[in-house]
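Here the structure is laid out as structure tokens; the discussion comes afterwards.
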Amino acid sequence: MIIAVDGPTASGKGTIAKALAQHFGLPHLDTGLLYRAVGRQVFLDGGDPDNGADALAAASFPDSLLGDPHLRDEATGGLASRVSIHPAVREALFERQRAFATRDGGAVLDGRDIGTVIAPEADAKLFVTASVEARARRRFLEMRDRGAGVTLLEIQDDLRRRDERDRNRAVAPLVPAEDAMVIDTSSLDRDEAIAAAIAAVEEAI
Ligand code: C5P
């Protein structure tokens, strides 16, 4: 069984994907982490994230980089969104995601293009979304807990920029698959969002 969970940053898709993996006893891959690793590697190389060759070189990052706490930084998220525009970077990361999706027994993957590109045959496709205000508020509280000195408005602006880049890129843009079930988490708490996701998957399989 393959479960695809797509959606914008801070929509709750990561939390939902993790909970689904636990509920259905499946392994989980956060594919954003792979793009974040490419963004981080470009930075470490002193490369230009908007340059296709620099970004592609960074796609052969060492596996050890996946444990780097800086992958979660807002700055790395911004770099990830820039390197993910290049088709060659997406191709370089394709096999790894595809192999995970098609492993025996199934898997849960979350990202932007799981239901459209990585696993179009997925048994259940969720598109998790929320208003930019709700997402910014969540991200703000998370960052404040981690002691980061950013304002709500800065986060909101950054999310808007990233949404625009993710939605308008030529290759694998952030759009719901035609057969995806949309879950809007704007006015749901964590448990309600998870319950809605489990119900949607059960209905689909
Ligand atoms: O989900 P997360 O915020 O970790 O993703 C970081 C960036 O990586 C996104 O803004 C998006 O541009 C890119 N990404 C992608 N395709 C995926 C996962 C993430 O393009 N499947």
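A few notes on this one:
- Both the radius of gyration and Dmax for the range 2-199 are 16.0, 46 Å, in that order, over alpha-carbon atoms.
- Ranked by the mean number of other Cβ atoms within 10 Å of their residues, highest first, the peptides 59-66, 31-38, 178-185, 97-104 fall in the order 31-38, 178-185, 97-104, 59-66.
- Dipole size of the range 70-133 about its Cα centre, with +1 on Lys/Arg Cβ and -1 on Asp/Glu Cβ: approximately 140 debye, rounded to the nearest 20.
- Check: the chain dipole with +1 on Lys, Arg Cβ and -1 on Asp, Glu Cβ, in debye: 340
- Length added when fully stretched, residue 195-residue 48, from 0.36 nm per residue minus Cα-Cα: 48.7 nm
- The alpha carbon centroids of the range 88-117 and the range 7-65 are separated by 12 Å.
FYI, it's all coordinate maths here, none of it is from the lab. Since the structure is predicted, the reported quantities are computational estimates derived from the model, not experimental observations. Positions of Cβ are backbone-derived with ideal geometry, glycine not excepted, and every protein chain shown enters the neighbour counts.
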